[in-house]
Amino acid sequence: MRQILFLGISAILFAGCFSKQIQEQNKYEIYTPLNNKECQKYITISYLGIEVAQKINSTKIAYKENNNKLEYFAKNKWASNLQDMLEITLNKIAKNNCIALSDNNSPGSMKLKVLDLYFDESSNKAVFNAILELGERQIWIAKHTKVEEGDFSKIINALNSTINSGLDEALGEI
């Protein structure tokens, strides 16, 4: 009798494991187009890298329901670690602005500190906050882009637009 009861319970538990569907995950990338602008001269800047706040430095895409707590989308993720994608993005935008990033450690060095990147549900905006350090000078980047109504790709498009325009404006000040 115990064996039959054990087999019955095991069968129910095992069947429950198979009946659950694995949740499909969508992966997104940060997209930055390269322009074909001919640069007469490149400005060479010593590049010290990117620091991304730990709360967003992952493949998770962040959002805020209210001002106090950052959450992460369950089905939607970045294709790669956020810091790695931002490295590629920053290099492309630098090239678009006729800036060559160098490994040399010189006094005129540049570092990007990313503080926030998330979708704000209460205002329906993509938010990007960062600091571009150029030697002793700091350029604050605070960009907010309204998200169009539609599917999740509209949020990704707004996040892309916010990152690209924020970095482009900051690097344009050099």
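The values are calculated or read from the model by the stated rules, or taken from the named source; none is laboratory data. Keep in mind the model is a prediction, meaning the values are calculated, not measured. No Cβ is skipped: glycine too gets one built from the backbone with ideal geometry, and neighbour counts run over all protein chains shown. Heavy atoms of the whole protein, side chains included, go into the accessibility calculation; ligands, DNA and RNA do not. Shrake-Rupley method; radii C 1.70, N 1.55, O 1.52, S 1.80 Å.
Between helix 82-96 and the chain, what is the angle of the helix's C-alpha long axis to the longest principal axis, kept within 0 to 90° and rounded to the nearest 10?
Around 30 degrees separate the two axes.
Scanning the chain for GluC sites (Glu not before Pro) in DSSP loops with at most 16 other Cβ atoms within 10 Å, what's the longest stretch left with none?
66-120
For Leu34, Leu167, give me the order by solvent-accessible area with a 1.4 Å probe, most accessible first, ignoring ligands, DNA and RNA.
Correct descending sequence by accessible area is Leu34, Leu167.
Under the rule a/c < 1.5 gives rounded, and otherwise a/b versus b/c splits prolate from oblate, where does region 47-90 land using the Cα gyration tensor?
oblate
What do you get when you divide the Cα radius of gyration of region 58-174 by 2.2 N^0.38 Å, with N the number of residues? Could the numbers behind the result be given before it?
Working: Rg = 15.0 Å, N = 117, 2.2 N^0.38 = 13.4 Å.
Dividing the Cα radius of gyration by 2.2 N^0.38 Å gives 1.12.
Ignoring ligands, DNA and RNA, what accessible area per residue does region 83-125 give at 1.4 Å, in Å²?
45 Å²
Might you work out the accessible area of Tyr47 for me, using a 1.4 Å probe with all protein chains in place, and round it to the nearest 10 Å²?
40 Å²
Are there trypsin sites (Lys or Arg not before Pro) in region 52-156 that DSSP marks as loop and that have at most 16 other Cβ atoms within 10 Å, and which are they?
Values: sites: Lys55, Lys60, Lys64, Lys69, Lys75, Lys77, Lys92, Lys95, Lys111, Lys113, Lys125, Arg137, Lys143, Lys146, Lys154; in loops: Lys55, Lys69.
For trypsin sites (Lys or Arg not before Pro) across region 52-156 that sit outside H, G, I, E and B with at most 16 neighbouring Cβ atoms in 10 Å, the list reads Lys55, Lys69.
With a 1.4 Å probe and every protein chain kept in, tell me what percent of the accessible surface of the chain is carbon plus sulfur.
Result for the chain: 50 percent of the exposed heavy-atom area is carbon or sulfur.
Label region 51-120 by shape, choosing from rounded, prolate and oblate, from the square roots a ≥ b ≥ c of the eigenvalues of the Cα gyration tensor; if a/c is under 1.5 it is rounded, and otherwise prolate applies when a/b is larger than b/c, oblate when it is not.
prolate
Most mobile of Phe128, Phe119, Phe152 per a Gaussian network model of the chain (Cα springs, under 10 Å)?
Phe152
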